[in-house]
Amino acid sequence: MVSDRAPDREGDAARRDPLKRHLASVIANYRAEFGGGGDEAVRRDLAELLGVGGASPAVPPEPGIHESAEEVLAHFPKVVARCKKMVDLFRLVLKVAPTDATVLIQGESGTGKELIARSIHDLSHRRQGPYVAENCAALPETLLESELFGHSKGAFTGADRTTKGRFQMANRGTLFLDEVGDMSPGLQKKLLRALQEGELRPVGSSSPIKIDVRFLSASNKDLVDLTRKGLFREDLYYRLSPIRIELPPLRERGDDLLLLLDRITVDAARKCNRPEPPKLAPETLAAMGRYRWPGNVRELQNEVQRMIALADPGRPIEPRDLSPEIRAAGGA
Ligand SMILES: Nc1ncnc2c1ncn2[C@@H]1O[C@H](COP(=O)(O)OP(=O)(O)OP(=O)(O)O)[C@@H](O)[C@H]1O
Ligand SMILES: [Mg+2]
């Protein structure tokens, strides 16, 4: 009987698998430096180095599970947040980022969906690869199709050369499709096929191309509601949403509003060459705290820019300096 562990089979597997190949070369170097010692000794030393087996501590804890809130936040240097809802969300991101799982990010406009997509890429094993983003609401159907899937020369008038689509550009990296709920039915079908089969057909081409991308998408529309109304394919929704991340609106993040206000004000003052950020009167802060911020962090950024542009230098920002709808929320 031929053993499954025949040496030539193991050799083949090692050649096929880059990690095994790398380990094989580490072991060969180890042997060259420290002499024989036999397989058992090599295995024991490797296990000790990797912290598995024997008396060594068990596998290191997964990030985000045993870490304190401060440690979790440190993984997200570009995202200003501190509230429990965001820390819980970050723990989920830390769990799913290292996997290749497809993630759907939902949340109101301006809540930071794109920022979270980028963080998932940065925390994944694909971080050295490309991160490619496309906004499905920004282009008409035919243009978006060729942007995503590419086209071959002569596919349509003006296609004077073969062009790679976003899927191919994201090869070995991450592709993020924003506003995926705005995709036309025809493109939804094509996207579903590409995700199911791991390959795509550029516009005007008959030969399929294999793709290796981690797929992320986002929408500020409720996709379940769209599927109920027949505007979004249910099968595509399930493909996109093995993992769902829901960003809370700014009004549900408690004191994160003040943290963000502080950071945005400092950044905006620097950009406008103001020597220091403007001070806000207590009534101004109260009005901002009562406002619902339907446009979330983006709306807050716009409001701060407006304040800085319109305020008189040296005078604190009063409620009358705020946009009318925010002033109204403060009862002023
Ligand atoms: N927690 C945060 N900390 C710092 N900046 C943030 C945060 N959330 C959002 N932003 C900033 O607010 C702006 C809007 O964020 P982003 O584009 O990620 O939102 P979005 O949810 O994708 O919005 P839309 O639904 O309109 O596409 C960006 O400039 C982003 O950098
Ligand atoms: Mg966005």
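Coordinate-derived values only; no laboratory data. Computed from a predicted model, the values in this text were never measured in an experiment. For neighbour counting, all protein chains shown are included, and Cβ atoms are generated from backbone atoms with ideal geometry for every residue, glycine included.
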Report the calculated FRET efficiency for residue 222 and residue 273 (r = Cβ-Cβ distance, R0 = 25 Å), to the nearest 0.05.
0.05
Per residue, what volume in Å³ does the convex hull of the Cα atoms of the stretch 251-329 enclose?
79 Å³
For 297, 96, 180, ascending order of other Cβ atoms within 10 Å (fewest first) is 96, 297, 180
If we count other beta carbons within 10 Å of each Cβ, what is the order of 169, 86, fewest first?
169, 86
Ranked 83, 272, criterion: other C-beta atoms within 10 Å, fewest first:
272, 83
Note: the stretch 134-211, point scatterers on Cα, Debye, no solvent; log10 I/I(0) at q = 0.12, 0.18 Å⁻¹ equals -0.30, -0.70
Alpha-carbon centroids, the stretch 142-210 and the stretch 64-83: separation in whole Å
36 Å
Relative contact order for the stretch 97-248 using alpha-carbon pairs under 8 Å, separation at least 6, rounded to a whole percent?
36 percent
I need the trypsin sites (Lys or Arg not before Pro) found in the stretch 282-323, filtered to DSSP loop residues with at most 15 other beta carbons within 10 Å of theirs.
292
